[in-house]
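To start, the structure under review is shown below, and the notes come after it.
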Amino acid sequence: MTTASITMADSDLAIPLEKGLPLIGCLPEMAKNPIDFFKRLVQKYPDCVEFSVPLTRLALITSAELSHQILVKENSRFRKADRDMKIMGSLLGTGLVTNNQHDSHKVQRKLVQPGFHFRRIEGYAQTMADYSQRYLEDWGDSGTRDISDDMFRLTMYIVSKTLFDTDMEDLSNDSNQIGLAIHEFQRIADSRFNQVFQSPDWLPTPRNLKIKKIRAVLNETMRTMISKRTDEQGNISERGDLLSMLLNAEYEDGSKMSEKQLLDELVTLFIAGHETTSNALTWTFYLIAKHPEIQEKLHAELDQVLDDSSPSFGDLDALTYTEMVIKESMRILPPVWTLNCRQANEEMVLGNYHIPKDKVFFIAPAANHFNPKYFKDPERFDPERFSAENEKKLPRYAYIPFGGGPRVCIGNSFAMMEAKLILATFAQQYKISLDPAQTIDPQPQITLSNKGGMSVSYIKRKRAS
C-alpha cells in the first residue's frame, strides 16, 4: 500500500518517543554531540523516532523507505523547516539551498542547472586536474601540513575558476579572509541552532552584526568577479561559464534576476561548491591514513590505471576503487551530516505513522548511514561496501550524502568528479600518514569538519616495481 492510498483511518500509530530528561528532554545530549545522539537512536529505532526538546518534539527519520517518501514521493507535502531557513537564510538569502518557495525554487534551479550539465562538467575536469597538480608543486619530497586548509583553498580555487572563470592568483590574497568568514558563520549558525529563542535579524546584536559583515565579505568577492566581465556600458563578456550564464539568464517574461537574487545564488554556489567537497576530501585523507592497507590498495589502482600519467577525465571510469574509497568516506564521515529539516505542510500519514501539520523531521546521513539494517558493522571503514555488486543491494536512500529528490545537491556530479581527480592526483604522488600530534574532534556544524584542522605527514611515493 502506498502512502498516497493510506487514509487517516488506516493508521493510528504514533511515532515512538525518546523522552530524555524532565523539562529539557534530549537537548543536552543532542547539543553535546548530535551525531552520537543520532547514532544511538538509529540503533534503537530502525524507522523513525520522536524526541523531546524544550517547547516541542522533533523527529528523526532513520529508514531509507521513509526518507524516500519525504524527499521524493511526497516532497510537495513538505517544506524545508522554517527555523532552519531563518538561520541559514541570514547569510544565504534565498539562494537554491534556502529558497523555500516551491515554484520559485523550481524556476531558479532551472536557470542554474545548465551549468552542471554533463558536457560542461566534462570540460571542468581539466581545470580540476591542472589546479591539483599546480597545488602540489611546492610540497617537496616530504613534510607535515594541514590537509584541511589545503583542501579548503584548492576546492575554492577550482570552483572559482570552473564556475566563475576567476584565476587562482586572483583569489589567493583573499582566501584567508573568505575562509575565516565562512568558518565564523558556521560557528554562529551552530550556536543559533542550539538556542531555543532567536533574536530577530534586524536587531543590532553583536552576532547579527557579524553575520552582516560576513555576507559583506562574500558579496564583495562576487561583485569583484562580476565587475571583471562587465564593461562601462554594462555589457557582459561571455566566457561560457556559470557566472556568464546567470548574468545573461532571463525569466519567461524577459526580465533578469535582481542583484540581490543573483548575489544570493552566487554566494550559495560558491560556498556549497567547495565547502562540502573540502571536508569530504579531508576526511578521506584522514581515513586512508588510519587504514594503510586501504591506502595501499588505492595506490595499486592508481599505478595500474594511470601509470606515470596525471589523472584526467578519461581515467575516471577506471578509477573504481578510488570512487569506492570516497563513497565510503562520505558514508562514515558525511560532510553534510544532516540535511535541512523537513516540515509537514499538512496533516498526513507517513508509512503507518500519523503526522500532524508542521511536524519537523531530521533526515540525516549520520543516521541513515549507520542503520544496521543496511550497513553491517557500520562503524567499520570498508570501501568494498560500494563495489558494483554490493552497491546494488543497498535500498535507495539508505545512502544520501547529497540528499535526494527535486532538491538533491545540484552539483553532486561536479563534486564527485572533483573529489576523484584530487584524491587520485595527491595519492598518486604521496603516501599520507596522520600526524601523531593531531587530535580528532569532529565538529557537526552546517558541515562536518575537524576542530583544529587535520595535520598529516606525507612522503613522496616510490612506485612498486
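The values are calculated or read from the model by the stated rules, or taken from the named source; none is laboratory data. Just so it is clear, the model here is predicted, and its values are computed rather than measured. Counting neighbours? That spans all protein chains shown, and the Cβs are built from the backbone with ideal geometry, glycine included.
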Matching option when the condition is part of a helix (DSSP H, G or I) and more than 23 Å from the chain's Cα centre (by Cα), among 170, 201: 170
State all residues of the range 42-58 that are within 15 Å of residue 374 (Cα to Cα) and among the aliphatic types (A, V, I, L, M); if no residue qualifies, say none. 42
Inspect the range 169-180 for any residue being surrounded by fewer than 16 Cβ atoms within 10 Å (Cβ to Cβ), closer than 30 Å to residue 52 by Cα and without any contact (Cβ under 8 Å) to a residue 40 or more places away in the chain and give the result as yes or no. no
Within the range 114-130, how many residues turn out to be modelled with pLDDT under 90 and surrounded by fewer than 21 Cβ atoms within 10 Å (Cβ to Cβ)? 9
Scanning the range 327-364 for residues that are of a type in the set (Asp, Glu) and without any contact (Cβ under 8 Å) to a residue 60 or more places away in the chain, which turns out nearest to residue 412 (Cα to Cα)? 328
State the number of residues belonging to the range 27-47 that are modelled with pLDDT under 95 and of a type in the set (A, V, I, L, M, F, W, C). 3
Which residues, counting only those in the range 382-397, are buried (at least 20 other Cβ atoms within 10 Å of the Cβ) and either of a type in the set (A, V, I, L, M, F, W, C) or in contact with a Lys or Arg (Cβ under 8 Å, 6 or more places away or on another chain) (or both)? 383, 385, 386
Yes or no: the range 144-161 includes at least one residue that is within 30 Å of residue 245 (Cβ to Cβ), modelled with pLDDT under 85, assigned to a helix (DSSP H, G or I) and touching a helix residue (DSSP H, G or I) at 6+ places or on another chain (Cβ under 8 Å). no
Can you report the number of residues in the range 60-90 which are farther than 21 Å from residue 43 by Cβ, assigned to a helix (DSSP H, G or I) and charged (D, E, K, R)? 6
Within the range 195-229, can you find the residues that are of a type in the set (D, E, K, R) and in contact with a Leu (Cβ under 6 Å, 6 or more places away or on another chain)? 215
What are the residues in the range 422-446 that are in contact with a helix residue (DSSP H, G or I) (Cβ under 8 Å, 6 or more places away or on another chain), assigned to a loop (DSSP other than H, G, I, E, B) and either surrounded by 23 or more Cβ atoms within 10 Å (Cβ to Cβ) or modelled with pLDDT under 95 (or both), if any? 445, 446
When every residue in the range 246-267 that is surrounded by fewer than 24 Cβ atoms within 10 Å (Cβ to Cβ) and touching a helix residue (DSSP H, G or I) at 6+ places or on another chain (Cβ under 6 Å) is compared, the one nearest to residue 445 (Cα to Cα) is 267
Among the residues that make up the range 68-82, is at least one of them of a type in the set (Val, Ile, Thr), out of contact with any Pro (no Cβ under 6 Å at 6 or more places or on another chain) and modelled with pLDDT of 95 or more? yes
Count, please, the residues in the range 363-381 that happen to be basic (Lys, Arg) and either surrounded by 20 or more Cβ atoms within 10 Å (Cβ to Cβ) or touching a Phe, Trp or Tyr at 6+ places or on another chain (Cβ under 8 Å) (or both). 0
Taking interchain pairs and intrachain pairs at least six residues apart, which have beta carbon atoms under 7 angstrom, with the first residue in the range 70-87 and closer than 13 Å to residue 99 by Cα and the second of a type in the set (Val, Ile, Thr)? 81/360; 85/98
Any residue at all in the range 93-112 that's out of contact with any helix residue (DSSP H, G or I) (no Cβ under 9 Å at 6 or more places or on another chain), closer than 27 Å to residue 239 by Cβ and at pLDDT below 95? yes
Does residue 135 meet the test of being in a helix (DSSP H, G or I), over 15 Å from residue 274 (Cα atoms) and of a type in the set (Phe, Trp, Tyr)? yes
For the range 296-317, how many residues meet the condition of being of a type outside the set (Asp, Glu), surrounded by 18 or more Cβ atoms within 10 Å (Cβ to Cβ) and without any contact (Cβ under 8 Å) to a residue 24 or more places away in the chain? 1
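Which one of 56, 98 is surrounded by fewer than 19 Cβ atoms within 10 Å (Cβ to Cβ) and in contact (Cβ under 8 Å) with a residue 40 or more places away in the chain? Explain how you work it out, then say what you get.
On the way: 98 fails: surrounded by fewer than 19 Cβ atoms within 10 Å (Cβ to Cβ).
That would be 56, the only listed residue that is surrounded by fewer than 19 Cβ atoms within 10 Å (Cβ to Cβ) and in contact (Cβ under 8 Å) with a residue 40 or more places away in the chain.
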Filtered residue count, the range 93-117, keeping only those that are in a helix (DSSP H, G or I), among the small types (Gly, Ala, Ser) and closer than 10 Å to residue 265 by Cβ: 0
